[in-house]
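To keep things clear, I will list the structure first and then write my remarks on it.
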Amino acid sequence: MGSNLVAMGIVMPALLVQDSWRYTFFAEGRPAAALANDLVWATTMVAAFAALPARFGSDAACLVLAWGAAAVVAALLGIAQTRAWPDPRRAIRWFTAHRETTGFMTAEYITVQGAQQTSTLIIGMFGSPSLVGALRGIQTLLAPTTNLAVALTSFAIPEFTRRPDMPLRTRSRLAYALSAVVVASSTIWALVFLVLPDGFGRALLGDTWLQTRGLLGLAIVQQAGPALAVGPAAVLYALGRTRLTFRINLRFAPLLLACPLIGLHLGGAKGVLVGYIIAFWSTIPTWIIQLRCQTQP
């Protein structure tokens, strides 16, 4: 674990610069440039992973360094694509000019992620190794749907922002459509693993597969909760309602911390997922109501 964290610290600057280029391209209305940058990163990463075992084996820290080295290549490509160098000095002026938005979004992220990470750590402390392995197995299987939600959000927010003349009702309809895409894709993806032979699941997750498979049904319901909030959240962020989204998530964070822990005490692994379901789904009415309030003519 220690060597992996050191490796992560070494490559973190490159990862952040590469990710910043992606957001820059989206904000400029150049999604093809973002795609090209990510493809170069992915191709370089796959080549590095293929070459690593022959020289260094499959050490996890080496894999992290290879992942970050590929990000260095993509970050340098971003400089060539924009013909500009990152200027950290201008970041202070940018944060100052957008202090309300950045302040609330930073506080919101720390609050929600802090609650979820604390909950996960406590579950790891008091749960059995098999329980932790099953929950991690679910996260691994459903990670592509989480990535899709993040990708759509990172694209949707600047697109909504760049179109201030877009009718509010159109924004509302697009918000529901965005959520529907994420819910449908995540549900279909999870159902695939329910119908695949057990041998396929064991090849992916080993001994944790059987318990993971038993939790997939609940995981589908859990995953749909945050997926439903993707569209309304993207529109509210684009409208600059970060004070409002912060208040929503400030009420959500205690539930995200407490409900899975109560579920762990009452029902083990299934109880944890039921706790997550309660936490995520309890905020959906608020997101929908606020979306309607903010998009009324």
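Numbers at a glance
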quantity	calculated
Among 83-90, 208-215, 189-196, the order from most to least packed when residues are scored by Cβ within 10 Å on average	208-215, 189-196, 83-90
Per-q log10 I(q)/I(0), region 1-102, q = 0.18 Å⁻¹ (Debye; single scatterer per alpha-carbon; no solvent)	-0.90
Listed residues T153, F25, F95: farthest to the positive end of the dipole of the chain (Cβ charges)	F95
FRET efficiency estimate (nearest 0.05) - Cβ-Cβ, A36 to V221, R0 30 angstrom	0.20
Span-like helix ranges in the chain, DSSP H, alpha carbon extent 24 angstrom or more, Kyte mean at least -0.5	2-27, 31-56, 60-82, 99-126, 129-161, 168-195, 209-238, 242-281
Charge dipole (debye, nearest 20) of region 1-90; +1 at Cβ of Lys and Arg, -1 at Cβ of Asp and Glu	200 debye
Centre separation in Å (Cα based) which lies between region 9-76 and region 94-115	26 Å
Computed E for A80/N4 - FRET, C-beta separation, R0 25 angstrom, nearest 0.05	0.25
Listed residues V192, A229, T118: farthest to the positive end of the dipole of the chain (Cβ charges)	A229
Within the accessible area of region 83-229 (1.4 Å probe), percent carbon and sulfur	67 percent
Length released on extending from R247 to S128, taking residue separation times 0.36 nm less the Cα-Cα span	39.4 nm
Per residue accessible area of region 169-297, 1.4 Å probe, in Å²	48 Å²
Size of electric dipole in the chain: Cβ of Lys, Arg +1 and of Asp, Glu -1, about Cα centre, debye, nearest 20	780 debye
Rg/Rh ratio calculated on Cα atoms of region 234-297 (Kirkwood radius)	1.13
Only Lys, Arg (+1) and Asp, Glu (-1) charged, at Cβ; region 135-252 dipole about Cα centre in debye	560 debye
FRET efficiency for L210 and T170, using Cβ-Cβ distance with R0 set to 45 Å, rounded to 0.05	0.45
For region 187-261, radius of gyration divided by Kirkwood radius, i.e. Rg to Rh on alpha-carbons	1.14
Local net charge near T242, Cβ-Cβ under 14 Å (Lys/Arg +1, Asp/Glu -1)	+2
Solvent-accessible area per residue for region 65-120 (1.4 angstrom probe, square angstrom)	67 Å²
Among (1) 6, 26, 33, 21, 9, 4, 1, 0; (2) 6, 21, 31, 30, 11, 1, 0; (3) 6, 28, 35, 22, 7, 1, 0, the entry derived from the coordinates for P(r) over Cα pairs in 10 Å bins from 0, in percent	(2)
Gap separating the Cα centres of region 271-285 and region 195-225, nearest whole Å	19 Å
Given charges at Cβ of Lys, Arg, Asp, Glu: the chain dipole, positive-most of L204, A175, A7	A175
Stretch gain in nm, segment Q116-D198, where the contour uses 0.36 nm per residue and the Cα spacing is subtracted	26.5 nm
Additional length obtainable on full extension of the chain from T106 to R162, 0.36 nm per residue less Cα span	18.0 nm
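The values are calculated or read from the model by the stated rules, or taken from the named source; none is laboratory data. Here the structure is a predicted model, which is why all the values come from computation and not from measurement. All Cβ positions, even for glycine, are placed from backbone atoms using ideal geometry, and neighbour counts span all protein chains on display. When the accessible area is computed, the model is the full protein with side chains, heavy atoms only, and any ligands, DNA or RNA have been set aside. Shrake-Rupley method; radii C 1.70, N 1.55, O 1.52, S 1.80 Å.
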